[in-house]
Amino acid sequence: MKDFILNAKSPNGDLHTKWEDYKKTLNHLSPEEANKYKVIIIGTGLAGASAAATLAEKGFNIHAFSYHESPRRAHSIAAQGGINAAKNYKKDGDSVMRLFYDTIKGGDFRSREDNVYRLAELSANIIDQCVAQGVPFAREYGGLLDNRSFGGVQVSRTFYARGQTGQQLLLGAYSALSRQTNAKKVKFYPRHDMLDIVTVDGKAKGVITRNLLDGKIEAHSADVVILATGGYSNVYYLSTNAMASNVTANWRAHKKGALFANPSFTQIHPTCIPVKNDFQSKLTLMSESLRNDGRVWVPKKKNDTRKASDIPEEERDYYLERIYPAFGNLVPRDVASRRAKEVCDNGQGVGNTGIAVYLDFKKAIQEKGKDYIKEKYGNLFDMYQNITDENPYKTPMKIYPAVHYTMGGLWVDYNLMTTIPGLFSIGESNFSDHGANRLGASALMQGLADGYFISPHTVMDYLAKEKPNFSNKTEQKEFLDAVKETEKDIEQIMSIKGELVVDEVHRELGKIVWDKVGMARNKEGLENAISSIPKIKEKFWKNVSIPGSDKDMNQELEKALRLKDFIELAELMAYDALDRNESCGGHFREEYQTKENEAERNDTDFKYVAAWGYNKDGKPHLFKEDLKYNNVKLKTRSYK
Amino acid sequence: MNINLKIWRQKSNKTEGKLHKYRLENVDPNISFLEMLDILNNKLIKEQQDPVAFDHDCREGICGSCGFMINGRPHGPQKATTVCQLHMRSFNDEDDILLEPFRAKSFGVIKDLSVDRQSFDRIISSAGFVSVNTGEAGEANQIPIDKSNADEAFLSAACIGCGACVAACKNSSAMLFTSAKVSHLALLPQGEKEKKERVNKMVATMDAEGFGACTNTGACSAECPKEIGQTNIARLNREFIKAQASNLFEKK
Ligand SMILES: Cc1cc2nc3c(=O)[nH]c(=O)nc-3n(C[C@H](O)[C@H](O)[C@H](O)COP(=O)(O)OP(=O)(O)OC[C@H]3O[C@@H](n4cnc5c(N)ncnc54)[C@H](O)[C@@H]3O)c2cc1C
Ligand code: SF4
Ligand code: FES
């Protein structure tokens with residue numbers, strides 16, 4: 001890979017007015033002019049659906065693809081807790097500046113100031129837009145919008161719709177998208193898996209897809225391509241993500257030249273239902289909002305097998321309240337997760353496996369009443385009971401951290417464009433705003449900011465400088481070649497006819513990534529991962545078994561095509577974690593910690609975004625984007 | 001526990017399907033129903049057989065992907081629960097369990113237990129939205145909304161679009177699904193302006209898609225995993241009559 005200097009293209013000027021000033025300099029197209037352009041959007045979750053609707057409103061012709069049967073099925077639908085916005089409705093001193101600062105600090109000073117400020121600035125518009133679409137956010141008795149608190153902050157700025165905020169926001173974006181489908185400005189391709197990007201003269205001009213119903217491989221051309229394909233937590237096999245969430249779109253883009261930033265920055269969410277057996281197919285999140293009223297504790301004594309109710313108050317260790325008196329149970333996710341691991345490693349874990357801690361609502365129920373708790377968290381309590389067969393109104397929940405979100409993703413500049421011209425990346429699929437740790441309720445905010453308010457402007461600006469001539473160019477050599485290439489890959493996988501089920505290989509990969517590139521990492525483990533992942537790759541290509549035909553619906557083939565890319569990504573994650581000889585946010589390198597077991601950041605040597613270039617013959621190539629902090633002072637994070 | 005499964009196997013919408021028998025032994029009662037199917041599929045693949053196709057994704061009861069008939073009931077025996085949230089402890093040792101796809105004219109079988117529910121998307125895209133462009137919205141707290149209305153709108157908006165209501169109905173009516181969206185938006189001031197047009201278009205699309213008429217049996221609501229109430233249907237009917245009446249009035 002050729003060396004080049006990464007340019008984030010942040011505009012000059014005052015932080016507070018930068019985005020508004022910059023927007024005025026961007027090129028604009030009238031709806032008549034926009035109508036000449038074709039835009040491909042891969043993914044119709046919050047980010048993709050909101051971008052598709054908005055770009056269609058501006059006159060562009062949108063071709064949107066998803067492997068789901070409907071946009072409403074995207075993983076975004078599962079988000080529970082809420083969405084942040086600096087509205088300051090509670091008059092508790094919130095402001096754009098404060099949301100900006102909390103997000104930068106929450107990310108442990110590994111994100112770009114300009115992007116994060118813009119996100120905080122746009123947060124209020126998102127709520128306005130969603131309310132206008134009919135999103136039924138929770139309200140107070142007076143009829144105004146209600147808020148609650150999330151981890152890592154001391155103000156109440158999270159808007160919510162019971163425990164189904166993602167559902168309601170996605171249905172809002174889906175309705176906006178449906179309105180444009182009705183207006184014939186959006187053509188939606190359901191059950192289509194994007195398997196490759198096509199570039200022409202170095203610019204992204206189309207994609208290759210597989211129709212999941214009949215296996216047909218098709219080329220689609222367009223003037224610009226936007227990836228809104230979500231996160232890759234499923235590289236760990238078990239995660240809170242929907243079963244089909246995957247990295248393929250991003251990975252194919254990476255192999256075609258898009259840099260992959262901070263791949264090892266993954267978020268382990270502290271409150272999930274613990275793993276119960278070997279058949280477990282996925283993990284279930286219990287929203288962070290529960291930490292508003294739930295208290296985390298373990299027995300003080302090691303290997304204590306008594307029932308929770310038999311352990312008297314004075315023999316309980318409310319360790320978060322003890323270690324972090326200022327934030328208590330509401331410390332950020334990375335901190336809460338690491339501390340849970342620590343007490344369990346120390347033998348204080350609870351439940352059959354000893355790999356769980358309690359989340360206890362007794363005090364809140366006593367003080368605020370059962371109805372209050374039911375109103376706020378009813379569906380979460382029901383879900384917990386359904387899965388575990390235990391009643392959380394009566395006995396404390398058992399929880400343990402699980403992989404939840406990936407801060408890493410395709411490197412993008414201020415315009416959300418990757419290093420491939422004409423290829424944009426929005427929502428969880430890019431790396432942009434959360435640094436080394438994402439604060440709760442800010443992924444929905446980022447996805448919608450990217451989709452409704454940022455990419456429509458920057459994509460239009462890009463297109464205004466391009467001639468609209470890629471509506472129908474699939475007969476061009478680049479497309480024909482890419483189709484052949486994809487067909488060859490599939491043929492090869494179908495012909496392995498080995499003995500292993502795809503999930504078996506995936507589980508094995510997941511175990512390595514969880515053990516070595518999970519909640520705590522060290523040099524030896526990472527080197528070990530780098531040497532063992534290629535063996536899994538070999539196993540996959542020699543011994544995986546795909547029954548049936550690739551010309552029908554074939555769910556095993558779909559999984560195999562995703563797993564092959566996860567395996568390659570896993571290796572890159574290990575390289576990234578090994579390169580970063582510091583601890584920051586969710587990236588905890590055991591060698592780099594303070595005496596109090598807090599993450600020890602190293603701003604002198606690692607104040608950069610690690611953006612990796614693909615190298616087909618070996619070690620990936622590292623490009624560094626130095627992060628500049630002109631408006632906030634770098635500090636050691638403290639939640640004490 | 002041991003179970004005896006009978007599963008509808010159909011290669012595609014172009015071929016005929018039939019029931020196949022499978023026996024699974026030593027099933028852990030604490031696994032989910034779909035994990036049980038994962039185990040069956042694992043076994044089938046090991047034996048070089050085609051695994052059973054079924055739709056699923058979130059496995060948290062919210063995406064609406066999963067859904068098929070278990071012993072004649074959409075999503076199975078447990079009230080207010082999607083298939084993915086159902087656990088094997090709801091069954092007994094040596095139970096016979098029959099799995100079939102949702103059956104309705106407007107939901108074609110794709111393969112095995114997977115059906116095509118895109119007709120639902122077409123109902124929504126006909127008018128299930130508020131016409132507001134990005135950037136045109138006013139301040140969110142400008143219009144206070146009575147908490148009870150907002151809460152009721154939320155309950156209607158909680159529909160996951162799974163299609164169980166259609167499968168439960170002897171007429172294959174999509175009335176519960178459609179009425180949930182009509183109600184959600186009719187209950188909010190934001191949806192007020194397009195109320196008449198919305199109900200007219202959505203009902204027309206529902207009919208055009210081949211869904212049957214609603215005869216108020218209540219089967220839909222009883223089987224709905226999100227407990228979408230029949231009051232939604234009553235509201236749709238009211239809105240529809242109002243819209244028709246005002247159409248007549250306007251024509252005069
Ligand atoms: C259980 C859970 C709870 C959460 N709760 C919250 C919360 O309370 N607040 C918060 O802010 N965040 C929360 N998050 C995080 C947040 O939900 C996600 O980060 C966000 O929804 C991602 O949105 P997205 O649009 O980027 O991607 P997604 O919603 O994942 O959408 C991805 C889209 O891309 C499509 N796609 C992907 N790859 C391909 C391909 N190769 N070909 C074709 N289509 C493809 C999919 O079909 C889908 O349409 C939660 C996450 C989880 C797992
Ligand atoms: S109304 Fe109920 S059964 Fe019908 S689609 Fe919605 S959630 Fe499913
Ligand atoms: S798999 Fe999502 S609702 Fe069942």
Other protein chain Cβ atoms within 10 Å, averaged over every residue that makes up B:157-163 = 5
Computed on protein heavy atoms with a 1.4 Å probe, what is the summed buried accessible area for the chain pair A and B, in Å² to the nearest 100?
-> 6200
Size-normalised alpha-carbon gyration radius of the range B:117-251, reference 2.2 N^0.38 Å | 1.05
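Divide, for the range A:249-347, the radius of gyration over alpha carbons by 2.2 N^0.38 Å, where N is the residue count.
1.43
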Given labels modelled 7 Å from the Cα in the Cβ direction, how far is it in nm from B:Met1 to A:Glu33?
-> 6.6
May I ask you to derive the relative contact order of chain A, considering only C-alpha pairs under 8 Å and at least 6 residues apart, and to give it as an integer percent?
-> 21
Rounded to the nearest 10 Å², the 1.4 Å probe accessible area of A:Asp114 is 20
Mind checking A:177-183 for the average number of partner chain beta-carbons within 10 Å of each residue's beta-carbon?
-> 6
The correct pair for the range A:117-236, radius of gyration to one decimal and Dmax as a whole number, both in Å and from Cα atoms, is 19.3, 59
Assign one of three labels to the range A:437-506, namely rounded, prolate or oblate, based on the Cα gyration tensor with a ≥ b ≥ c the square roots of its eigenvalues; rounded applies when a/c is under 1.5, prolate when it is not and a/b is larger than b/c, and oblate otherwise.
-> oblate
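Given the pairs A:Lys187/B:Lys226; A:Lys302/A:Lys394; A:Lys91/A:Lys374; A:Lys2/A:Lys607; A:Lys362/A:Lys398, which span a C-alpha to C-alpha distance of over 19 angstrom in this model?
Beyond 19 Å: A:Lys187/B:Lys226; A:Lys302/A:Lys394; A:Lys91/A:Lys374; A:Lys2/A:Lys607.
How large is the Kirkwood hydrodynamic radius of the range B:3-110, counting all unique pairs of alpha carbons, in Å? Write down the numbers at each step before the final one.
Working: mean 1/r = 0.0694 Å⁻¹.
Taking the inverse mean of 1/r over all distinct Cα pairs, the range B:3-110 comes out at 14.4 Å.
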State the answer as a single residue: which of B:Gln230, B:Gly212, B:Asn247 lies farthest towards the positive end of the charge dipole of the range B:117-251, with beta carbon charges of +1 for Lys and Arg and -1 for Asp and Glu, about the Cα centre.
-> B:Gly212
Ignoring ligands, DNA and RNA, what accessible area per residue does the range B:117-251 give at 1.4 Å, in Å²?
-> 41
Between the range B:187-212 and the range A:5-61, the Cα center-to-center distance that results, in Å = 32
Based on the Cα gyration tensor of the range B:203-252, what are the three equivalent ellipsoid semi-axes, each the root of five times an eigenvalue, rounded to whole Å and given largest first?
-> 26, 14, 8
For chain A, with the dipole built from +1 on Lys and Arg beta-carbon atoms and -1 on Asp and Glu ones, taken about the Cα centre, which of A:Phe4, A:Leu622, A:Gln366 lies farthest toward the positive end?
-> A:Gln366
Residue list for the range A:88-114, given a label point 7 angstrom along the Cα-to-Cβ vector of A:Lys628 and an amide N cut-off under 12 Å | A:113-114
Got a sec to turn the phi values of the range A:551-565 into Karplus ³J(HN,Hα) couplings, 6.51 cos²θ - 1.76 cosθ + 1.60 with θ = phi - 60°, whole Hz, x for Gly and Pro?
-> 9, 10, 4, 9, 5, 5, 5, 4, 5, 5, 5, 6, 4, 4, 7
Of the accessible area of chain A, with the probe set at 1.4 angstrom, what percent is carbon plus sulfur?
-> 48
FRET E, pair A:Asn352, A:Ala326, Förster distance 56 Å, beta-carbon r, rounded to 0.05 | 0.95
Add -39500 (n - 2.57) for each DSSP H run of 4 or more in chain A, then divide by its residues: what number comes out at 222 nm, to the nearest 500 deg cm²/dmol?
-> -11000 deg cm²/dmol
At least 40 Å² of accessible area lost relative to the chain alone, listed for the range A:489-516 with a 1.4 Å probe | A:Val501
What dipole magnitude, in Debye to the nearest 20, does the range A:79-228 give about its Cα centre under +1 on Lys/Arg Cβ and -1 on Asp/Glu Cβ?
-> 300
In the calculated pair distance distribution of chain B, what percentage of Cα-Cα distances lie above 31 Å?
-> 33
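If you take every DSSP beta bridge fully contained in chain A, what fraction is antiparallel? Give it as a percent rounded to 5.
70
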Any residue on another chain or 5+ positions along whose placed amide H is under 5 Å from the amide H of A:Val198 is listed here as A:Lys205, A:Gly206, A:Val207, A:Ile208
Against the longest principal axis of chain A, how steep is helix A:455-464, in degrees 0 to 90 to the nearest 10, with axes from Cα atoms?
-> 20
Let me know the charge dipole size of the range A:1-73 about its Cα centre in debye, to the nearest 20, where only the beta-carbon of Lys, Arg (+1) and Asp, Glu (-1) is charged.
-> 160
Using unit Cβ charges (K, R positive; D, E negative) and no other charged atoms, how large, in debye to the nearest 20, is the dipole of the range A:477-608 about its Cα centre?
-> 240
Volume per residue, Å³, of the convex hull around the alpha-carbon atoms of the range A:472-626?
-> 156
Can you check how the C-alpha radius of gyration of the protein assembly as shown compares to 2.2 N^0.38 Å, as a plain ratio?
-> 0.89
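The values are calculated or read from the model by the stated rules, or taken from the named source; none is laboratory data. The model shown is predicted, which means the values in this text are computed figures rather than measured ones. In this analysis, Cβ positions are derived from the backbone assuming ideal geometry, glycine residues included, and neighbour counts consider all displayed protein chains. Remember, those area values only see protein heavy atoms, side chains included, never the ligands or the DNA or RNA. Shrake-Rupley method; radii C 1.70, N 1.55, O 1.52, S 1.80 Å.
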